[in-house]
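Let me begin by presenting the structure, written as structure tokens, before commenting on it.
The values are calculated or read from the model by the stated rules, or taken from the named source; none is laboratory data. Fair warning: this is a prediction, and the values are worked out from it, not measured in the lab. Note that we place each Cβ from the backbone using ideal geometry, even for glycine, and neighbour counts take in every protein chain shown.
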Amino acid sequence: MIDLRSDTTTLPSVEMLNSIVSAPLGDDGRLGPSGRGEDPTVNELEDLAAKLTGKEAALLFPTGTLANTTSILSYCQPGDRVLVDPKMHIYKTEKIVFSDHFGQLTPVFYSMDTKFQPNFDDIKNHIEGSDIKLLCIEDSHNFQGGTTLNQDSLIALKKIKEEYGVKVHLDGARLFNASIGSGIGVSDICSAVDSVMFCLSKGLGAPIGSLVCASKDDIKKLRELRKSLGGGMRQAGIIAAPGIVALNTFSSFLKEDHALCRDVADGLNDLINIKINHPIDTNIIMLNVSQTGFTQNEFCDLAEQKGLLIKPVLDDSVRLVFHRDVPRDSAEKVIEIIQDLDKESRNGGKK
Ligand SMILES: *Cc1c(COP(=O)(O)O)cnc(C)c1O
């Protein structure tokens, strides 16, 4: 079975597991005079994350969702208006900061343009037309097929920050995929935003953890809020250690993940009823199956019968995600299965 459901299924490498055994540990919730916790491995990971993103400081969270939620709440008060695109993970999947019972923030929607970039004219109009507290961006964009921000977008983003003083939070769950895919350095991407979240637990292959990187002042606020929300951890060096391994080794496998993704996409360029409506920038392919005659779930079930695990996303698509645990020689088999499903679907979607 080839499993392309998500890059969250990646299992920790032997090197990662070994790193846990020898990691120096301490109580990360017990702060010293510098405001840092007592777990040296957590501190090492946070320093490494800050350095890679070009930010002053970083903070470890158990999940990307808690990291995003804490970041957004730290910039906002209940009732504040936050710019999001409706397909972004923060709005579509997480939602909690916009809940009447929790974050009580008001979402204001901006559109994406035909190049899969945020529509900055739209964003400007919203900022000029009302009081916007925070702008949220996603790179790479999960539900848009792993598309990446281009250089023009980063320039536009910096301009908006300078001109209007609005804060920007980047959901960079797959930040390192985005950097490799766009050819733009990680710290160059992050220089256009105030805070950035990235996940260790997706394509980077670590078992647990996400980081937020930002200014020292912002991280200090985040640390307090993280504790209140129950996100403080004690000997968290046991999850930080594999994270350090991930950050020191990702460049050797993320590129291969992208190459495999591209090979599969290239092999699917003559599909009839299944559509790929986005550029292949990173490790994700979205197949629009609305013309196949199959429901998304039927499509996934049929794929599974042929040896391919995939997942429905949005209302009309299924998603293929490539990662280090996908056998490097599986392109041909994946292409064959999708091509077969495409052929079967032409007969009215029935076998
Ligand atoms: C997975 C993901 C998150 C959330 O991370 P969790 O660790 O699963 O909470 C946030 N944003 C994007 C774009 C993601 O893909």
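Quick check, is residue 305 farther than 25 Å from residue 206 by Cα, crowded, with 18+ Cβ neighbours inside 10 Å and out of contact with any helix residue (DSSP H, G or I) (no Cβ under 8 Å at 6 or more places or on another chain)? For residue 305, the condition - farther than 25 Å from residue 206 by Cα, crowded, with 18+ Cβ neighbours inside 10 Å and out of contact with any helix residue (DSSP H, G or I) (no Cβ under 8 Å at 6 or more places or on another chain) - is not met.
Contact map, segment 189-216: residues that are closer than 20 Å to residue 73 by Cβ paired with residues that are surrounded by fewer than 24 Cβ atoms within 10 Å (Cβ to Cβ) and modelled with pLDDT under 95, Cβ distance under 9 Å, separation 6+ or inter-chain. Pairs shown: 216/35. One residue alone among 116, 102, 109, 98 is surrounded by fewer than 17 Cβ atoms within 10 Å (Cβ to Cβ), at pLDDT 95 or above and within 20 Å of the chain's Cα centre (by Cα), and that residue is 109.
Quick grid of which residues meet (1) outside any strand (DSSP E or B); (2) among the charged types (D, E, K, R); (3) over 30 Å from residue 187 (Cα atoms); (4) in contact with a Gly (Cβ under 9 Å, 6 or more places away or on another chain):
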site	(1), (2), (3), (4)
292	yes, no, yes, yes
312	no, no, yes, no
315	yes, yes, yes, no
320	no, no, no, no
337	yes, no, yes, yes
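For segment 87-102, a residue qualifies if it is among the charged types (D, E, K, R) and within 14 Å of the ligand (Cβ to nearest atom), and the qualifying residues are 87, 92, 94, 95. Every condition in (1) in contact with a Phe, Trp or Tyr (Cβ under 9 Å, 6 or more places away or on another chain); (2) within 30 Å of residue 121 (Cβ to Cβ) is met by residue 54 except one, and the failing one is (1). Of the residues making up segment 122-175, those that are surrounded by 20 or more Cβ atoms within 10 Å (Cβ to Cβ) and of a type in the set (Ser, Thr, Tyr) are 140, 147, 148, 153. Set side by side, the residues 196, 245 differ, and just one is within 13 Å of the ligand (Cβ to nearest atom) and of a type in the set (A, V, I, L, M), which is 196.
I'd like the residue in segment 61-86 that is more than 17 Å from residue 227 (Cβ to Cβ) and assigned to a loop (DSSP other than H, G, I, E, B) and, out of all such residues, is nearest to the ligand (Cβ to nearest atom). Across segment 61-86, the extreme among qualifying residues is 85. Of the residues making up segment 87-118, those that are part of a loop (DSSP other than H, G, I, E, B) and touching a strand residue (DSSP E or B) at 6+ places or on another chain (Cβ under 6 Å) are 88, 105, 110, 116.
Annotation note: of 64, 54, the sole residue that is under 30 Å from residue 264 (Cα atoms) and of a type in the set (Gly, Ala, Ser) is 64.
Applying the criterion of being in a loop (DSSP other than H, G, I, E, B) and in contact with a helix residue (DSSP H, G or I) (Cβ under 7 Å, 6 or more places away or on another chain) to the residues of segment 38-60, the residue that is surrounded by the fewest Cβ atoms within 10 Å (Cβ to Cβ) is 56. Every listed requirement among (1) within 30 Å of residue 238 (Cα to Cα); (2) touching a Leu at 6+ places or on another chain (Cβ under 8 Å); (3) away from the ligand (no atom under 12 Å from the Cβ) is met by residue 117 save one, (1). Name the single residue that is farthest from the ligand (Cβ to nearest atom) among those in segment 125-142 being closer than 27 Å to residue 314 by Cβ and assigned to a helix (DSSP H, G or I). Checking each candidate, the answer is 125.
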